[in-house]
Every structure is written in C-alpha cells, then in structure tokens.
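Here the structure comes first, spelled out in structure tokens, and everything after it is commentary.
The values are calculated or read from the model by the stated rules, or taken from the named source; none is laboratory data. Just so we're clear, the structure is a prediction, and the values are computed from it rather than from any experiment. Virtual Cβ from ideal backbone geometry, glycine too; neighbours counted across all protein chains shown.
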Amino acid sequence: MSKHDQGRRAFIKTTGKAGVAAGIALTVLPSWASAETGSRFATGFTQQPLPYDYKGLEPVIDAMTMEIHYSKHAAAYAKNLADACVAEKVDTNNTKLEDVLRNISKYSPKMRNNGGGHYNHELFWQCMKPGAMPKPQGTLAAAINSSFGSFEAFATQFGDAGKNRFGSGWAWLVLNADKKLVVGSTPNQDNPLMDISDLKGMPLLGLDVWEHAYYLKYQNKRPDYINNWWNIVNWDFVQTRFDRG
Ligand code: MN3
C-alpha cells in the first residue's frame with residue numbers, strides 16, 4: 001500500500017468519526033491532496049514499487065541495469081532524502097515533495113541531490129512501460145505537433161537535449177507557466193520544478209542520461225540508448241500529466 005493510500009485510509013477513518021460526531025460531511029482534503037497537485041499525482045517521499053519487473057523493458061533496457069538502477073541507485077536517493085528531511089525538519093506527512101523542490105534553494109545540497117534524485121526516478125519509472133505505443137495520440141500529439149512541427153522534430157530536439165547534456169543529467173518535456181511545451185535538460189539530479197533550474201515548469205516526460213542508466217548495455221553509446229528509448233515511452237502516462245497540467 002502506498003504512503004498516499006495509507007494517508008487516505010487514515011484520513012477517511014479520522015474524518016469519518018469526526019463527521020458522524022459533528023453530523024456533517026467534511027470535504028477538507030489532507031495537505032498532500034491540494035487542487036494544484038492532486039493526490040493521484042503527488043510524488044511521495046518513499047520509493048514505490050516498480051510498475052513492471054526488471055525484465056519488463058528488455059531489450060531496450062536490460063534487467064541487470066534496471067535492478068541496479070532501481071534497487072541501488074534510486075533506493076539510495078530515497079534513503080538519503082529521508083535522512084535530509086529529518087536533519088532539516090521537513091515533516092514528510094504534511095509536506096509535498098513538489099513544494100520542497102520548488103523552494104530547493106532554501107535547503108542543503110543533500111536535499112537538492114536526493115530530493116531531485118528521488119522525484120526524478122519515481123517519475124522516470126512511470127514514463128516507461130512494456131509494450132508501449134510508438135507515439136503519443138490525441139491532444140498531446142496535437143500539442144507536440146503545434147509546438148515542434150512534428151513528432152519527429154520533437155523527438156530529435158528531446159534526443160539532442162539528452163545527447164548534449166555534458167556529464168550526468170536529465171532530458172525533459174515540460175509544460176511551462178504559459179502552458180507551452182518546452183524541451184530541455186538539467187544537470188545532475190536537478191529538475192524543472194526547482195527554483196534554481198534554468199528550465200522551469202511541470203515535467204511531463206523525463207529521461208535519465210546518467211551513465212548508470214545505460215552503461216552495462218550501451219557503454220559509451222548514449223545516443224543509441226536514447227534512440228531505442230522511444231520504444232518504451234508510456235505515452236498514456238505523459239498524456240495524463242499533460243491533461244492535468
Ligand atoms: Mn538514474
């Protein structure tokens with residue numbers, strides 16, 4: 001059961017009693033369920049189960065890479081984020097991770113690296129799925145065509161953002177404050193929610209271009225990893241994020 005589900009159950013139980021006692025139906029939402037973020041979309045502070053097994057994305061991403069990436073790298077970001085939250089007195093039961101990231105300049109480098117690392121990976125796992133369709137459809141496809149000229153032009157621009165990111169980082173498709181689709185990249189574990197980021201907005205799709213994401217299978221050939229990655233993008237998930245953005 002996810003932390004959010006646990007929170008929801010506890011919330012329903014608590015307000016159920018209060019509602020009966022007061023004779024009214026309460027409509028107050030817990031803090032993590034703000035209208036802005038929506039409880040279904042908020043990223044919690046703890047690592048969630050991978051939505052497929054380690055072999056699920058083969059042959060694009062091999063099982064060993066997925067296992068190490070999820071159970072070692074991403075797990076470490078989650079653990080170090082928890083430690084940073086204790087040290088910096090972030091009440092994880094009553095704070096949204098997204099809000100910490102939006103104000104990340106007020107926190108330590110440890111919070112920046114691990115809060116970003118945890119958020120980015122939780123998003124990344126959901127941005128992929130076995131048996132994905134090759135392109136977006138519907139309103140997202142139309143918006144991509146309108147913003148970039150064609151899906152192919154978008155994919156080239158996004159791929160170039162990942163290929164040209166020197167060292168470690170992420171490529172992103174972002175919905176910015178003007179509700180425009182923008183492509184770019186961030187260094188290390190930074191992301192477009194962060195107040196310190198040059199690229200700003202709601203991340204719709206993220207691609208991990210750290211070597212740990214591809215090196216066992218692709219070695220130095222990051223462009224091959226990126227080109228193959230299009231075969232496993234979960235466009236339904238990206239569409240859902242676009243719809244609520
Ligand atoms: Mn990674």
Residue that is farthest from Tyr54 (Cα to Cα), among those in region 112-135 that are away from the ligand (no atom under 16 Å from the Cβ) and of a type in the set (D, E, K, R)
Lys135
Tell me which residues, restricted to region 169-187, are outside any strand (DSSP E or B) and in contact with a strand residue (DSSP E or B) (Cβ under 6 Å, 6 or more places away or on another chain).
Asn176
Among the residues that make up region 90-111, is at least one of them within 16 Å of the ligand (Cβ to nearest atom), part of a helix (DSSP H, G or I), at pLDDT 95 or above and over 19 Å from Val238 (Cβ atoms)?
no
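Using the structure shown, decide if Gly206 is closer than 12 Å to Phe124 by Cβ and modelled with pLDDT of 95 or more.
Values: closer than 12 Å to Phe124 by Cβ: yes; modelled with pLDDT of 95 or more: yes.
Answer is yes for this residue.
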Would you tally the residues in region 147-168 being part of a loop (DSSP other than H, G, I, E, B) and more than 18 Å from Lys135 (Cβ to Cβ)?
5
Looking at Asn220 and the list (1) part of a loop (DSSP other than H, G, I, E, B); (2) crowded, with 16+ Cβ neighbours inside 10 Å, which single condition is not satisfied?
(2)
Any residue that is in contact with a helix residue (DSSP H, G or I) (Cβ under 7 Å, 6 or more places away or on another chain), surrounded by fewer than 19 Cβ atoms within 10 Å (Cβ to Cβ) and assigned to a helix (DSSP H, G or I) - is there at least one of those in region 196-213?
yes
For region 151-165, does any single residue satisfy the condition of being surrounded by fewer than 20 Cβ atoms within 10 Å (Cβ to Cβ), of a type in the set (Phe, Trp, Tyr), within 30 Å of Ala63 (Cβ to Cβ) and over 16 Å from the mean Cα position of the chain (by Cα)?
yes
If Gly162 satisfies every condition in (1) over 21 Å from Trp235 (Cβ atoms); (2) within 13 Å of the ligand (Cβ to nearest atom) but one, which is the exception?
(1)
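Does Asn176 satisfy the condition of being within 16 Å of the ligand (Cβ to nearest atom) and under 17 Å from the mean Cα position of the chain (by Cα)?
Numbers: within 16 Å of the ligand (Cβ to nearest atom): no; under 17 Å from the mean Cα position of the chain (by Cα): yes.
Taking the combined requirement at face value, the residue does not satisfy it.
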